[in-house]
Amino acid sequence: MRKVSFPYMGTSYIPFEKVLMKFGNEVIVPPKPTMETISFGTKYAPEFACYPFKIVLGTYVQVLEAGADTLVSSGGVGPCRAGLYTTLQEKILKSHGYEFEMITMEPPGRHLRDLIKNVKKLINAKVSFADCIKIGRFAWKELVLLDKAEKLSHKIRPLEVKRGEASRAYKKSIELIADAEKYSDLLEIEREIENLYEKIPKKDMEPIKIGIVGEIYVLLEPSSNLEIEEMLGELGVYVERSMFLSEYVISNALLDLFHIKGDRDAKKMASPYFNEMCGGHGRESVGNAVIYAKRGFDGIIQLSPFTCIPEIVAKSILPKVCEERNMGFMAISLDEQTGKEGLRTRLEAFVDLLYFKKKRRQQLTNNSQLARGLA
């Protein structure tokens, strides 16, 4: 029996663990990244490797020490270094004496045969095609529900009367989803999660709205961005990030497989400013900033790993995009040296600035309306 593990990224470990177990594997669930994880990563990684590379490498060390003999990760295409990360991480780890098999899940749009072959490697039990559909349906519903619970926490947190209620509801939601055993359980849990958030007493106010764009790992893994969404919510900000894993799978796997582009596709929105492929999510960062502007957001925060070239390119364009659309802009570069309290101070200043700008716009609008009424 394979002992399988994978990188830790948000709450995605919950459906991943269940799928791999139902396929007949023993699963070594990766631990949430800590300073120990980062210390392993920085010890073995090249000095200028990006922060996600170091976190994932450190996670691999931890799960291999815990007995894993198979590592599963995603690949990529384009100039971004991430497409070669699993190859480099495999060489680093094997050079230090670890024995394991690395299975890389490449995007189906270009590597469908390889993807199917690698999925078959992970099926080590007698499961029919119908069983696979059932397993996939359950896991997909879990993933969608986990994202829904997180989105609700972002919506409610800036409005909560008692601090911490939204975070407690979110934690409870994750526990309920993780304990589900059948698809019907998830349908009941979905209603229970909605009730959890509805019961939270809320203020009657319109919060500042900030869109968060950037590289996928530092967007989806709270330990890598120092829980920035929770910090902003506690400052009275409605946060909406540009990427959730379920949406990413649809747009970058399913739609890409059939070459389907949506009307709100971020790459299309970015084209007036950034029409070249640079790898990673740099172009999407620009396009999503345009989308947030059209939806009336007050500001944009770009999260990027230190030395991430696609996001460095996007960072040179985003100030112009935000200036043209009267939005505030803040770029945050993350690595193992970034401190939470220093980040909190920067966020407080940025939010204060956005509140001031919004209040001033409202005053100018009111004065203009008053002047027209007196004329």
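Of all residues in region 1-44, those that are over 25 Å from L226 (Cβ atoms), aliphatic (A, V, I, L, M) and outside any loop (DSSP other than H, G, I, E, B) total 5. Please determine, by comparing only the residues of region 89-104 that are assigned to a helix (DSSP H, G or I) and either free of Cβ contacts under 8 Å to residues at least 12 places away in the same chain or touching a Pro at 6+ places or on another chain (Cβ under 8 Å) (or both), which one is surrounded by the most Cβ atoms within 10 Å (Cβ to Cβ). It comes out as K94. Comparison of L318, L364 shows that the only residue that is closer than 25 Å to A270 by Cβ, assigned to a helix (DSSP H, G or I) and not assigned by TED's automatic domain parsing to the domain that holds P79 is L318. In region 321-361, the residue that is farthest from F40 (Cα to Cα) out of those that are among the small types (G, A, S) and either in contact with a strand residue (DSSP E or B) (Cβ under 6 Å, 6 or more places away or on another chain) or not in a helix (DSSP H, G or I) (or both) is G328.
Residues that are outside any strand (DSSP E or B), in contact with a strand residue (DSSP E or B) (Cβ under 7 Å, 6 or more places away or on another chain) and of a type in the set (A, V, I, L, M): does region 167-184 have at least one? Looking for residues that are outside any strand (DSSP E or B), in contact with a strand residue (DSSP E or B) (Cβ under 7 Å, 6 or more places away or on another chain) and of a type in the set (A, V, I, L, M), one finds none in region 167-184, hence no.
Figure legend. Inter-residue proximity from region 360-375: first residues closer than 17 Å to G328 by Cβ, second residues at pLDDT 75 or above and not β-branched (V, I, T), beta-carbon distance below 9 Å, spacing 6+ or different chains. Indicated pairs: R361/N326. Considering (1) surrounded by fewer than 19 Cβ atoms within 10 Å (Cβ to Cβ); (2) within 22 Å of the chain's Cα centre (by Cα), the lone condition that F16 does not fulfil carries the number (1). Every test in (1) in contact (Cβ under 8 Å) with a residue 40 or more places away in the chain; (2) in contact with a helix residue (DSSP H, G or I) (Cβ under 7 Å, 6 or more places away or on another chain) is passed by G75 save one, and that test is (1).
Residues in region 45-88 that are outside any loop (DSSP other than H, G, I, E, B) and on the phi > 0 side of the Ramachandran plot: 0 in all. Looking at D256, is it out of contact with any strand residue (DSSP E or B) (no Cβ under 8 Å at 6 or more places or on another chain), modelled with pLDDT of 95 or more, in a helix (DSSP H, G or I) and assigned by TED's automatic domain parsing to the domain that holds L235? Considered against the rule, which asks whether it is out of contact with any strand residue (DSSP E or B) (no Cβ under 8 Å at 6 or more places or on another chain), modelled with pLDDT of 95 or more, in a helix (DSSP H, G or I) and assigned by TED's automatic domain parsing to the domain that holds L235, D256 comes out as no.
Conditions tested, residue by residue: (1) over 30 Å from L115 (Cβ atoms); (2) under 12 Å from the mean Cα position of the chain (by Cα).
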{"position": "E206", "(1), (2)": "yes, no"}
{"position": "K209", "(1), (2)": "yes, no"}
{"position": "I216", "(1), (2)": "no, yes"}
{"position": "L220", "(1), (2)": "no, yes"}
{"position": "R241", "(1), (2)": "no, yes"}
{"position": "F244", "(1), (2)": "no, yes"}
{"position": "Y248", "(1), (2)": "no, yes"}
{"position": "S251", "(1), (2)": "no, no"}
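A single member of G58, G41, G83, G76 is closer than 30 Å to Y170 by Cβ and either in the same structural domain as V249 (by TED's automatic domain parsing) or surrounded by fewer than 21 Cβ atoms within 10 Å (Cβ to Cβ) (or both), and it is G76. Restricting I216, I208 to those that are modelled with pLDDT under 95 and within 30 Å of D352 (Cα to Cα) reduces the list to I216.
The values are calculated or read from the model by the stated rules, or taken from the named source; none is laboratory data. Computed from a predicted structure; not experimentally measured. Using ideal geometry, Cβ is built from the backbone for each residue, glycine included, and neighbour counts are taken over all protein chains shown.
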